[in-house]
Amino acid sequence: MSSVATGFLLYAVIREGFGKFDKDVQAGRITELKESQGASIREMTLALAADMQLPPEYPIRFWKTMSTAQYPSVQQVEEGDVNIVLPVNYFLYHQQHPERSKAILAHELGHVRQRDTDLYMLSEKFYSTVRLVVVPMMCLSLFTVLLMLVLNGNNQVQDGFLPVAVSALSVIIPGAFIVFYMGQYNKIKALRQQSEHLADMNAYLYADGDRLLEVLQTLQEPGRRNNIVHPPRKERIAYIQQLYNPQIIPS
């Protein structure tokens, strides 16, 4: 029963999330990088992919976006393609901090190596899509209870049991859904945050670990929306410290 409910719950999430990359490409928000562009980034990425022993059937394609983000991302991996999206700000960042930029790319390729790139989309869309269901459901529940109270108070309902039963169901059903949702939310959050720690570990191993920690030091703490996607900055640094005992201490 739980697996069936999970399937229905995630259906809208998966339907909305997958294909976002293709929509962005069709809308011109993401454009493929020309062969003459980003030569040093291409060379660095392909060298990292070889060192990390990524499957050779995963050819890497480079894309550019005018997004104000600073760091690249692996937007989608399907049909054997690894699509790395580079914000325009990253090109300048790469020139200023080449070793840090290498650590960032190693982190992203770590997700490819772990085969968990779709988990980012799932966790982010799960938060946004289900939120659009839970809030209206709570509002409808409150409206139903108030309506039954009004009708009962005006003696427009002959059977006193009916408004009580309807009111109870309008609270119990949404309540059960919210409890189930929170359980699934916590599971996805735990999986996603563990995948971030493992990607950080890949970056520490295959790039300059101290530069990775410098990047983590400069990160802003994830907001409420991104809390399901990324662990807190200090937690990520502490995870690396526990494994490798570096000298940089979280501030």
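Read the figures in this text as sums done on the coordinates, not as results from a lab. None of the values given here were measured: they were computed from a predicted structure. Cβ sites come from the backbone with ideal geometry, for glycine too, and all protein chains shown count toward neighbours.
What is the set of long-range amide H partners of Val82 at a cut-off below 5 Å, with H atoms built 1.01 Å from backbone N?
Amide H to amide H, under 5 Å and 5 or more residues apart or across chains, Val82 pairs with Ile60, Arg61.
Given a Förster distance of 30 angstrom, what is the FRET efficiency for Thr68 paired with Asp118, based on the Cβ-Cβ distance and rounded to 0.05?
Once the sixth-power term is evaluated, E becomes 0.75.
Roughly how many nanometres apart are two label points built 7 Å out from the Cα toward the Cβ at Leu142 and Arg29?
3.1
If each residue of separation counts as 0.36 nm, what is the full-extension length gain between Val179 and Tyr58 once their alpha-carbon separation is subtracted?
Once the chain is fully extended between Val179 and Tyr58, it gains 39.6 nm.
Please list, in order along segment 177-184, the HN-Hα scalar couplings obtained from phi with the Karplus expression 6.51 cos²θ - 1.76 cosθ + 1.60 (θ = phi - 60°), rounded to whole Hz, x for Gly and Pro.
Per residue, the Karplus-derived 3J(HN,Hα) values read 5, 5, 4, 5, 4, 4, x, 5 Hz.
Would you mind counting up the charge near Glu32? Only other residues with Cβ under 13 Å from its Cβ, with Lys and Arg at +1 and Asp and Glu at -1.
+1
FRET efficiency for Ser40 and Gln242, Cβ-Cβ distance as r, R0 = 41 Å, nearest 0.05?
0.80
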